[in-house]
Amino acid sequence: MNTQARLTSTQWKARSKGYVQVTKPGIIFGNLISVAGGFLLAAKGDVDLVLMLASLVGLSLVVASGCAINNCIDRDIDAKMQRTCKRVTVTGAIPLSHVLRFSIALGVFGFGILALFTNALALLFAAIGYVVYVGVYSLYMKRNSVYGTLVGSFSGAVPPVVGYCSVTGQMDMGAVILLLMFSLWQMPHSYAIAIFRFNDYAAAKIPVLPVAEGMAKAKHHIVLYIAVFALVSTMLPLAGYTGTAFMAVTCATSLWWLTMALKGYRQDVDMPRWARQVFGFSIITITALSVTMALDFQAVSQTPLFILVR
């Protein structure tokens, strides 16, 4: 009897761990930081804790739902990749129908929280990001086009905009800069992953840039996107949304990241190691900027480009 109970307990823990893994906790945590950064930038010190908590929890559940559905969609290509072949959606440790129901429930709760506590614009951006990630990127672009990364970058840039618009209820220049900044950041971040995971992507026949058009072109694009990202990120302080601390941090991190990317042109470069370094520093860069813009906000007159009623 005790043995059976222990076995059931072990199975329950394994099943619970599997449900957590399909939501991709690392991605959720990264998005939490960017949502908080966008929210606090817009709040300018006048923080509504209930609204902030609702924005963080609501969007985290929406992201978790999208990631779980992505695992269901990608189960055939995940089986061909060393990094993902042990996912529960591949091994069948959790039935696919259960994962789908779980992801739908997460989405319903997430969108429900955003609808109840935030506003129409924040909800709209969350919905657009979700549809782009699940419907456009996961179902088609990832498998069929080298531009899949570009399309996916939009959904990856939505979280800080949702946080920002939860406070303002309007699409102003600050929200536009955040959307551009985080979209541009996604590109070298994703291309670096595709380089050090080249064999996995090639085995699954996913047409990411390094696989479809070669390492040389991928390196050019990484450098170009980092350079443009550096310029766009300075627009927040130049437009008056943040102060000199943010300008200092964005210049320092972006230039260091760019210098690191340029090392990829060396003849003796170890490509996988270099790509991991570029990837690792991309996380440091965006985390530093999210934290700094949350603390170094400025009071500016926000001119709305458009507004949706609460």
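The values are calculated or read from the model by the stated rules, or taken from the named source; none is laboratory data. All values reported here derive from a predicted model rather than from experimental measurement. Virtual Cβ from ideal backbone geometry, glycine too; neighbours counted across all protein chains shown. Accessible surface areas use protein heavy atoms only, side chains included; no ligands, DNA or RNA. Shrake-Rupley method; radii C 1.70, N 1.55, O 1.52, S 1.80 Å.
Structure above, values below:
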read-out: Answer label for Rg/Rh (Cα atoms, Kirkwood Rh) (calculated), chosen among [x] 1.03; [y] 0.96; [z] 1.00; value: [z]
read-out: Inter-centroid distance (Cα atoms) of region 16-80 relative to region 234-269, Å; value: 26 Å
read-out: Region 123-170 versus region 90-111: alpha-carbon centroid distance in Å; value: 20 Å
read-out: Of the chymotrypsin sites (Phe, Trp or Tyr not before Pro) in region 101-132, those whose Cβ has at most 14 other Cβ within 10 Å and which sit in DSSP loop; value: none
read-out: Segment Gln298-Ala79, length gained on full extension (0.36 nm per residue, minus Cα span); value: 74.0 nm
read-out: Distance (nanometres) between label positions extended 7 Å along Cα→Cβ at Leu238 and Val151; value: 3.2 nm
read-out: Leu224 paired with Leu53, simple spin-label distance in nm, labels 7 Å along Cα-to-beta-carbon; value: 4.7 nm
read-out: Inter-site label distance for Gln267 and Val108 at 7 Å from Cα along Cβ, in nm; value: 6.3 nm
read-out: Neighbour-limited loop hits for trypsin sites (Lys or Arg not before Pro), region 185-291 (at most 12 other Cβ within 10 Å; DSSP other than H, G, I, E, B); value: Lys205, Arg266
read-out: Percentage of interatomic Cα-Cα distances in region 193-286 larger than 20 Å; value: 42 percent
read-out: Cross-link table Lys86/Lys205; Lys80/Lys263; Lys13/Lys142, entries beyond 26 Å C-alpha to C-alpha; value: Lys80/Lys263; Lys13/Lys142
read-out: Solvent-accessible area per residue for region 137-192 (1.4 angstrom probe, square angstrom); value: 27 Å²
read-out: DSSP-loop trypsin sites (Lys or Arg not before Pro) across region 49-140, with at most 14 other Cβ within 10 angstrom; value: Arg83, Lys86
read-out: The chain, accessible surface, carbon-and-sulfur percent (1.4 angstrom probe); value: 67 percent
read-out: Spin-label proximity, Asn199 to region 264-289 - amide N less than 15 Å from point 7 Å beyond Cα toward beta carbon; value: 271-273
read-out: Nearest-0.05 FRET efficiency for Tyr140 and Gln11, computed from C-beta distance (R0 35 Å); value: 0.45
read-out: Heavy atoms of Met271 accessible to a 1.4 Å probe, total area in Å² rounded to 10; value: 40 Å²
read-out: Taking N as its residue count, the alpha carbon Rg of region 1-149 over 2.2 N^0.38 Å; value: 1.20
read-out: Lys86-Ile284 FRET efficiency (beta carbon distance; Förster radius 35 Å; 0.05 resolution); value: 0.80
